[in-house]
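The values are calculated or read from the model by the stated rules, or taken from the named source; none is laboratory data. Just so it is clear, the structure is predicted and the values come from calculations on it, not from any experiment. Cβ: placed from backbone, ideal geometry, glycine included. Neighbour counts: every protein chain shown.
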Amino acid sequence: MSGSGLFISFEGPEGAGKSTQIGRLGAQLGHAGIPHVLTREPGGTPLGMRVREVLLDPALTIDSLPEFLLYSASRAQLVGNLIRPALRRGDVVVCDRYADSSMAYQGFGRGLDAGLLRQITQAATGGLTPNLTVLLDLDPAVGLQRAARRGQPDRLERADLEFHQRLRQGFLTLAAQEPQRFLTLDATRPEAELAARIWGAVQARLPS
Ligand SMILES: Nc1ncnc2c1ncn2[C@@H]1O[C@H](COP(=O)(O)OP(=O)(O)OP(=O)(O)O)[C@@H](O)[C@H]1O
Ligand SMILES: [Mg+2]
C-alpha cells in the first residue's frame, strides 16, 4: 500500500513524548544510513503550515466539522506532495500525528460520526495507512502538566480533562482494533527504554 518505503506515525496526547521519540528515531535512522523524512500534522507543506496556524490560533473558535476538514486538507496535501513521493523513493517516513489523531480528537473527543471521518480520510489519503503506528499512552493529567511546563497552552491544551480522557480511550480503542499496526507504549517509561522498543519495532519492519 505504501510503495517500497516504510510509513511510521506517532500518536498520543499532548506532552506524551512524540517529538522526543521522533527526534531519537530520526537520529537512529541517520546513524544507520537509512534515508528518511520527518514530518508532522498539521503542517509539513506550505499549505499545511498555513492551516496549522489557523488550527492552533487561540483567538479562533472552530466548530468540530470545519476543524476536521482543515486537518483533512492539510493531510491530503501532505500525503500527495511529501509522503507518497518519499515512500516511492523507498524512504522511511515518520509523521508526528496522522489520521488516528482525527479519529481520536474529532471522533471520540468531539463526537463526530466515525463513518464520516473514515470516508473523508479515505478520500484525503487515498487510503494510505501507516505500516507502524507508535501510540504513546499517558494519563492526560500527566501530559498536560508536561506540556504546560513548556509555556503558553495552545487552543487544544485549554480543553478540559474529560475531553482528554475520552481521547485516551479513543486511541486505546483504535490500537485494540489494529494490534498489528499499533505499538502501544507506556509513555511514563524512561525515554531511552521507549526509544529502544520503538527502534526494535522499526527494525522488524525494515526490508532486510
Ligand atoms: N519518557 C519520558 N519521561 C518523562 N518526561 C518525558 C518523556 N518523554 C518526554 N518527556 C518530556 O515531556 C515533555 C513533552 O515531550 P514532547 O514535546 O516530546 O511531547 P509531544 O508528545 O511531542 O507533545 P505535543 O503533542 O505537545 O507536541 C518534554 O518536556 C519532554 O522532555
Ligand atoms: Mg510534539
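Results, tabulated for the structure shown:
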{"quantity": "Residues that are touching a strand residue (DSSP E or B) at 6+ places or on another chain (Cβ under 6 Å) and not aliphatic (A, V, I, L, M), drawn from the stretch 6-59", "calculated": "Phe7, Ser9, Phe10, Glu11, Gly12, Gly17, Lys18, Gly26, His36, Thr39, Arg40"}
{"quantity": "Given (1) within 14 Å of ligand 1 (Cβ to nearest atom); (2) at pLDDT 95 or above; (3) closer than 21 Å to Arg168 by Cα, number of the condition Glu67 does not satisfy", "calculated": "(1)"}
{"quantity": "Qualifying residue in the stretch 10-22 (condition: out of contact with any Phe, Trp or Tyr (no Cβ under 9 Å at 6 or more places or on another chain) and aliphatic (A, V, I, L, M))", "calculated": "no"}
{"quantity": "Candidates Gly143, Gly111, filtered to the one that is closer than 18 Å to Leu172 by Cα and part of a loop (DSSP other than H, G, I, E, B)", "calculated": "Gly111"}
{"quantity": "Residue among Asp113, Asp137 that is of a type in the set (Asp, Glu), more than 16 Å from ligand 2 (Cβ to nearest atom) and at pLDDT 95 or above", "calculated": "Asp113"}
{"quantity": "Selected residue [under 24 Å from Ile198 (Cβ atoms), within 17 Å of the chain's Cα centre (by Cα) and polar (S, T, N, Q)] from Ser101, Ser72", "calculated": "Ser101"}
{"quantity": "Total residues in the stretch 4-22, condition buried (at least 17 other Cβ atoms within 10 Å of the Cβ), in a loop (DSSP other than H, G, I, E, B) and away from ligand 2 (no atom under 13 Å from the Cβ)", "calculated": "1"}
{"quantity": "Pick from the stretch 1-33, criterion among the aliphatic types (A, V, I, L, M) and touching a residue at least 24 places away in the same chain (Cβ under 8 Å), ranking: nearest to Pro190 (Cα to Cα)", "calculated": "Ala16"}
{"quantity": "Qualifying position, being in a helix (DSSP H, G or I), in contact with a His (Cβ under 9 Å, 6 or more places away or on another chain) and away from ligand 2 (no atom under 16 Å from the Cβ), among Leu25, Leu29", "calculated": "Leu29"}
{"quantity": "Where a residue in the stretch 179-208 is farther than 24 Å from Ser101 by Cα and its partner, wherever it lies, is at pLDDT 95 or above, with Cβ under 7 Å and at least six apart", "calculated": "Leu206/Leu6"}
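So that you can scan it fast, the table gives a plain yes or no per residue for (1) modelled with pLDDT of 95 or more; (2) among the hydroxyl-bearing types (Ser, Thr, Tyr); (3) farther than 14 Å from Arg97 by Cα:
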residue	(1), (2), (3)
Gly3	no, no, yes
Phe7	yes, no, no
Phe10	yes, no, no
Ala32	yes, no, yes
His36	yes, no, yes
